[in-house]
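Structure record follows, encoded as structure tokens.
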Amino acid sequence: MSIAISRAGEHRWVALGFIAVAQLMIALDATIVSIALPSAQVALGASDADRQWVVTAYTLTFGGLLLLGGRIADYVGRKRAFLAGLGGFAVASMVGGAAPDFTVLVAARAAQGAFAALLAPTALSLLAVSFTAPRERATAFAVYGSIAGSGAAIGFMLGGALTQYVSWRWCLYVSVPVALVAAAGGAAVLPSSSRPARPRFDLPGVVLATGGVATLVYALSDATWLVGAAVVLLALFVLRESRTSNPLLPPRIVLDRNRGGAYVTVALVIAAMFGAFLFLTYYFQVVHRYTPLEAGLAFLPLVVSQQAGSWLIASRLMPLVAPRVLMAPGAVVAAAGMAMLTQVPLLAEVLLGLGVSCVMVPAFSTATQKVDPREAGVASATVNAASQIGGSLGAALLNSIAVHAGGAVVHGFAVATGWGTVILLLAAFASGILIDTPRPARSRDLGA
């Protein structure tokens, strides 16, 4: 009996490694193409007006289909959904890398986003149901949080190197071997989960949620006049979910004070971070004239500090203190970094990395706690949706502020980072007020 339990525990940690690989692929793909975009635009003859679709197509389908992806994972089983998401993502990446024209590239990016919407909540829900003891959960979510937080910055570095020394196409091809490794390992070690005998989908809820979120993401990216339509669709979705017997997003998932607080905090922090990524990319390449590789390497302090914050601070303190004791101060530290982004970039990156890691690790854990295992997928999808929508909103809002600020480029960035600082302070306030989960109860696991 004890041998069987020991082996099950070992399998969980091995499975964590492959889940982390899959999450890294998703996080990388959010930014790795950004630095390659100028080269891809020239190679495929895209216009300046159309080039943003390479990014928007991914965020549009990713954000719009996350809730559906989480529900599919709950219905068909997390292992099946995990493998299907990886397989689809790999095929879409191959098509994108070999794209003969701009239309095919955009279509492939949309397909990547769709399969990421299935994969992301599946990976997080696997962690949520596999690691329940305080110390083990802290370690598992430190792995997940460090990847979620630093993967985007790593994407800039890897994208710069591949674009400069190989080809922009490898910014898409690189996902294929990563997906194959994660799929092979996941097939071997992930446990199979049970499925409902008669899975039922709330089809009107699927249409309203997907249409509302997709419209919102598109509106924030390219057509602000559609914001009203997005609000109407999402309001109808809320009304529908409160009345149907089989909701796509059960209201109890988001109405829980702590989970709801975690969703709000994640959305605000990622909104500010995506704005920071955008400003730093242009600051390094336009103001300082860095090459793609140099610009990518300039993100290294952010990556290192995020890893340090996840492992040396968040994972060690999470089993010992209440989540908001980490999250609120972490957001304040990140706000201090954002405030000095255009004055002292190196120190700003370090503070941003440390602060964000102390928010994201406990936030992802809190967002999936005390959820029925049968609903772990939709809870995970919700926090991922909060992250995706927050990132889209932050990039669109802060970029618009920078463009319309007037004066020199650096002045526009400074004005926008001021607003980014305010967003992070709001995240500190939200986590401090809304999240009241106590520190984990002491157990034998804590002393292990």
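The values are calculated or read from the model by the stated rules, or taken from the named source; none is laboratory data. It should be emphasised that the depicted structure is a prediction, and the values quoted were computed from it without experimental measurement. Cβ: placed from backbone, ideal geometry, glycine included. Neighbour counts: every protein chain shown.
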Within the range 247-272, which residues are aliphatic (A, V, I, L, M) and out of contact with any helix residue (DSSP H, G or I) (no Cβ under 6 Å at 6 or more places or on another chain)? Leu255
Which pairs turn up if I take residues in the range 265-287 that are farther than 18 Å from Ala334 by Cβ and look for partners that are part of a helix (DSSP H, G or I) and not hydroxyl-bearing (Ser, Thr, Tyr) with beta carbon separation below 6 Å, at least 6 apart in sequence or on another chain? Phe284/Ala295; Gln285/Ala295
Please note which helices (runs of 4 or more DSSP H) are completely contained in the range 229-347 and include at least 2 residues that are under 30 Å from Gly69 (Cβ atoms) and modelled with pLDDT of 85 or more. 251-255, 257-282, 300-308, 323-339
Can you find even one residue in the range 159-167 that is among the aliphatic types (A, V, I, L, M) and either outside any helix (DSSP H, G or I) or within 21 Å of Ile72 (Cβ to Cβ) (or both)? yes
Scanning the range 350-378 for residues that are crowded, with 24+ Cβ neighbours inside 10 Å, in contact with a Lys or Arg (Cβ under 9 Å, 6 or more places away or on another chain) and not polar (S, T, N, Q) gives Pro362, Ala367, Ala376, Gly377, Val378
Output yes when any residue across the range 131-151 is under 25 Å from Ala214 (Cβ atoms), in a helix (DSSP H, G or I) and of a type outside the set (Lys, Arg), and no when none is. yes
Identify all residues within the range 159-173 that are surrounded by fewer than 21 Cβ atoms within 10 Å (Cβ to Cβ) and not small (Gly, Ala, Ser); write none if there are none. Gln164, Tyr165, Val166, Arg169, Trp170, Tyr173
Among (1) at pLDDT below 75; (2) surrounded by fewer than 17 Cβ atoms within 10 Å (Cβ to Cβ); (3) farther than 28 Å from Trp53 by Cβ, which single condition is Ser193 missing? (2)
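Matching residues to (1) buried (at least 23 other Cβ atoms within 10 Å of the Cβ); (2) closer than 25 Å to Ile72 by Cβ:
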position: Leu226; (1), (2): no, no
position: Asn246; (1), (2): no, yes
position: Leu255; (1), (2): no, yes
position: Ala262; (1), (2): yes, yes
Quick check: is even one residue across the range 100-121 crowded, with 24+ Cβ neighbours inside 10 Å, aromatic (Phe, Trp, Tyr) and in contact (Cβ under 8 Å) with a residue 60 or more places away in the chain? no
Criterion first (at pLDDT 75 or above and closer than 16 Å to Ala20 by Cα) does Val181 satisfy it? yes
Restricting attention to the range 288-329, the residues that are of a type in the set (D, E, K, R) and under 18 Å from Leu354 (Cβ atoms) number exactly 2
Yes or no: the range 78-87 includes at least one residue that is crowded, with 24+ Cβ neighbours inside 10 Å, modelled with pLDDT under 85 and outside any loop (DSSP other than H, G, I, E, B). yes
